[in-house]
Structure formats: C-alpha cells, structure tokens
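The values are calculated or read from the model by the stated rules, or taken from the named source; none is laboratory data. A quick note: this is a predicted structure, and the numbers were derived from the prediction, not measured. Cβ coordinates were reconstructed from backbone atoms using ideal geometry, including for glycine residues, and neighbour counts include every protein chain displayed. Note: accessible area is taken over every heavy atom of the protein model, side chains too, but ligands, DNA and RNA are not part of it. Shrake-Rupley method; radii C 1.70, N 1.55, O 1.52, S 1.80 Å.
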Amino acid sequence: MNTEERFSRQRLFHGIGWEGQERLQEAHVIMVGAGALGSLTAETLVRAGVGKLTLIDRDYVEESNLQRQQLYTEADAEACTPKAEAAKKRLLDIRSDASIEIIVGEADPALLENCMPADLIIDGLDNMETRLMINDTALKHQIPWIYGACVGAYGLSYTVRPGQGPCLRCLMKGIPMEGETCDTVGIIAPAVQFVSATQVTEAMKLLTHSFEQLRGTLWSFDVWSNESSSIYVDSLQDKDCPSCGESPAYPALAWSGRSKAETLCGRDAVQVKPLPDMQVSLEQTADVHKQHLSKANQHLLVLNIENKRLVLFKDGRAIIHGVSGEVEARSLYQRYIGG
Amino acid sequence: MQITLNGQLQNIENSQTVADLLEELQIAHKKTVVERNGTIVIEEFHQQEGLMDGDRIEIIHFVGGG
Ligand SMILES: [Zn+2]
C-alpha cells in the first residue's frame, strides 16, 4: 500500500500537512474500552495512520452491540469473540500494516503501566471509577487523556492536559462513587459518533501539536433535543487536587481494580472476579463441565447452566447472565469455577 | 419565566434556584457543572443561586456510558 496516496487527503488539510501526518504515524495511543466509543475511535485513528494503537477491553461481542459498535459483525456475536480480538481483526483488514496491541482484560493500574510509554490515552469506558484511575495514570506520566461518555442521545467530552487546567477529579469533586447508577434509557449510534468524532479531533490536535486549536472546554450535546453546551472550567482547578495539584498522591493508583462482583451497566449481567491467588484453567473447566459447555475459543468459554449463561475468561473473570444479582452470581461462580 | 438553557429558549415553571432547576430537569442526582450568565455556580451554592427571567444557563451533567 502506497502511504503517500493513502493519507494524501489528510496531508492536504491545512491543520495536518506533512509534518502533522508524520507525527500521527509516530504516535502511540492507548484506547481503553472497545465498546461503542472505543471501536469507532479505534477505527478512525487507524484509518488516520496513527503509529501504534493499544486496545484494552474486558468484554465479548453480543448481538445487542451490533446496532452501534461498528467494528463488529454477526459472526463475532455468534462466536462470542472478545471485543479487542474482533476489533484487531477488522482493523487489520482496514489497514494491514497497522500496529495494534490488544489486551483482553480489565484496565487496572498495573496493566496500564505495562502499556507505557504512550502519547495519549482515550477513554471509551463504561464507569467513572476506572476513569479516575485513567486520570491518575495519565497525570502521573504527564500525558494527556480524553474523557468521553454517552447515553440516550446525549454525550459529553473533556480533554485533560497535565499542567493545563483542571483534571477530571477537579471537575467531579465529591462524586459519590458508590452511588453510581446504571442508565437504562438506551442509546442511539449518532450520539456515540458525535462523542467519538470530538475525541478523535482532539486527539489529532494533540498528536500534531496543534495545541492552540484544542477546544479547551467541557462540552456536551443532545442530538435529539438539539441542545448543546460548552463551559470554560478553568476556575474549577483545585490546587490541592490529589491528582493534579501541587503535591499529587494519585489516589486511584492504589486501587486494585473493580470489586469482586459488579453489575455491568446496560448488560443485564454480573462480572465476578477470581480471588487473587486463584488459578483458573479454561481447558480444565471445559473438561469438568462438558455437559454445560456451549462455546470455547482461545480467550474464553461459555457454559449454559439451566437458564443462566456463564462466560469465563482466561484471566479468571466471569460474566454471568440471567442471575438475579451479585450474590447469586458469586455463588454460581463458586460452585462451577471455584474460590 | 423564560431562560436560555444550553442554547435553547425554555419556559421554567417551578424553579426559583439552580437546585430547583436541576430537580425539574431530573438531573439533581447527577454530578453537574452549572454556569449562569457566564459564571460557574459551584455545587455548594446551587440552593441559594436564584434564577431570573432571561438568564443564560448552561448545564452539563456527567454520565458513565461509552
Ligand atoms: Zn485535578
């Protein structure tokens, strides 16, 4: 493939040019989450020629993803392919010489540390707790990160730059983490596309060093009600912020990951994690529970137990569908996997 | 009273303060950033910050989905 042709339209664009394109092609971007936002943003960045992309995701493809998670196909849903793996395959179809690193697992401080050095982290997560960990990781490494989230027809985004304005913790001071609730209002694809477009544009500006073009505001919109808002939030910067203040402690880096059992927003499912010292073998589990085994691939296996579905990953996590809550999920996990 | 909320003219029936408005918009339980006529109103002042006819209000609430 002739790269001169391939990126010619982007080079012609006044904001990028030859120099900007070269910078994009030298950049390493970490994309956390490969759901709706993550798959879309990953595709646009790979098409734009970004040098290296690391894609982290803990989930697998399901039929209900296909309406908006545009890298995935019916075959992926049928096979329960992990999202990161399905994304990589499709991204390499789009650009065969792209450098794509994938991690099927949950983003925690140690895992992110292993992905460094990087120029930028982009957020495609589904919860605030992990975002605060991304916030601290980026600030500790003195690299920017781009928050993005959406629900219904609504979305918002904010670019965090070390030493340039408030961080996410400053903006969300005192958020009741335990009070974080799932939105059950559905979502339409254009809301995702709006947020992703904003995140990718900010990423391009950062990576090409077009800093004066950065938006510099907290920004939101509703594509259905046609409202939009853009707020200068510099006054919310807290000089005592434990993440970006004068003597940062990065509290979210002491975090050992999401809790042992967690209801997954919008998924009608519970994720259960193994005990720290527990070894889980997919082969052994498949063997012991042959009569329940419905699917298996190199990353996961699917057990159908009565009217419940247990998806066990290589790292020992399980996503369990059809249970009434976290207690039942945990007990099913203990009975069939161990711990 | 009539205010401009996130760029759109809106009639507000039951809200005297920023806190009331967040309640009326059903986002009082969410983390928000609120601006009234170009100045951010921090959370501690939502109860006492009164609204007036013709106000320009910007409200952004945080969500978690992606
Ligand atoms: Zn901060």
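How many percent of the alpha carbon pairs in chain A exceed a separation of 29 Å?
40
Using the Karplus curve 6.51 cos²θ - 1.76 cosθ + 1.60 with θ = phi - 60°, what ³J(HN,Hα) values do you get for each residue of the range A:9-15, in whole Hz, with x for Gly and Pro?
These are the phi-based 3J(HN,Hα) values: 5, 6, 5, 5, 5, 4, x Hz.
Going by average Cβ neighbours within 10 Å, how do the peptides B:50-57, A:225-232 rank, with the highest at the top?
A:225-232, B:50-57
Over 18 Å between Cα atoms, which of A:K83/A:K295; A:K88/A:K295; A:K88/A:K260; A:K140/A:K273; A:K83/A:K140 qualify? Please list the in-between numbers first.
Working: A:K83/A:K295 16 Å; A:K88/A:K295 21 Å; A:K88/A:K260 28 Å; A:K140/A:K273 27 Å; A:K83/A:K140 28 Å.
From A:K83/A:K295; A:K88/A:K295; A:K88/A:K260; A:K140/A:K273; A:K83/A:K140, over 18 Å: A:K88/A:K295; A:K88/A:K260; A:K140/A:K273; A:K83/A:K140.
For chains B and A, what's the summed buried accessible area, probe 1.4 Å, to the nearest 100 square angstrom?
So the buried area, both faces added, is about 2000 Å².
Cβ neighbours within 10 Å, averaged per peptide: list A:33-40, A:208-215, A:323-330 in order, most packed at the top. The partial results should precede the final answer.
Working: A:33-40: 27.6, A:208-215: 13.5, A:323-330: 16.2.
Going from most to least packed, we get A:33-40, A:323-330, A:208-215.
Show the residues, 5+ positions off or on another chain, whose built amide H is closer than 5 Å to the amide H of A:A269.
Amide H neighbours of A:A269, under 5 Å, 5+ apart: A:L264.
Quick one: net charge around B:V34, please, counting Lys, Arg +1 and Asp, Glu -1 for every other residue with C-beta under 10 Å from its C-beta.
Net of charged neighbours comes to -3.
Using the Karplus equation 6.51 cos²θ - 1.76 cosθ + 1.60 (θ = phi - 60°), what ³J(HN,Hα) coupling, rounded to whole Hz, does each residue of the range A:226-237 give in order, writing x for Gly and Pro?
So the Karplus estimates, Gly and Pro as x, are 6, 8, 8, 8, 9, 10, 6, 10, 3, 5, 8, 5 Hz.
Quickly rank A:246-255, A:303-312 as a protection proxy: mean count of other C-beta atoms within 10 Å, highest first.
A:303-312, A:246-255
Could you give each residue of the range A:46-59 its phi-based ³J(HN,Hα) in whole Hz, using Karplus coefficients 6.51, -1.76, 1.60 with θ = phi - 60°, and x for Gly or Pro?
Here the 3J(HN,Hα) series is 5, 4, 6, x, 4, x, 9, 10, 9, 10, 10, 7, 9, 10 Hz.
Can you give me the Rg/Rh ratio for the range B:2-61, using Cα atoms for both radii and the Kirkwood formula for Rh?
Rg/Rh: 0.90.
How big is the dipole moment of chain A about its Cα centre under a simple scheme where the beta carbon of each Lys and Arg is +1, that of each Asp and Glu is -1, and everything else is neutral? Debye, nearest 20, please. All intermediate terms of the calculation are to be shown ahead of the outcome.
Numbers: 33 positive and 45 negative charges, 51 e Å.
Rounded to the nearest 20 debye, it is 240 debye.
Given a 10 angstrom Cα cut-off, can you work out which residue in A:M116, A:M128, A:M278 is the most mobile in a GNM of chain A?
A:M278
Quick check for you: with a 1.4 Å probe and neighbouring chains kept, what is the accessible area per residue of the protein assembly as shown, in Å²? Let's see the in-between values first.
Values: 18610 Å² over 405 residues.
Averaged over the residues of the protein assembly as shown, the accessible area is 46 Å².
Whenever you get a sec, compute what percent of the accessible area on chain A sits on carbon and sulfur atoms (1.4 Å probe). Could the numbers behind the result be given before it?
On the way: 7400 of 15130 Å².
Carbon and sulfur together cover 49 percent of it.
In deg cm²/dmol and to the nearest 500, what is the mean residue ellipticity at 222 nm of chain A if only DSSP H runs of at least 4 residues count, each as -39500 (n - 2.57), divided by the residue total?
It lands at -9500 deg cm²/dmol.
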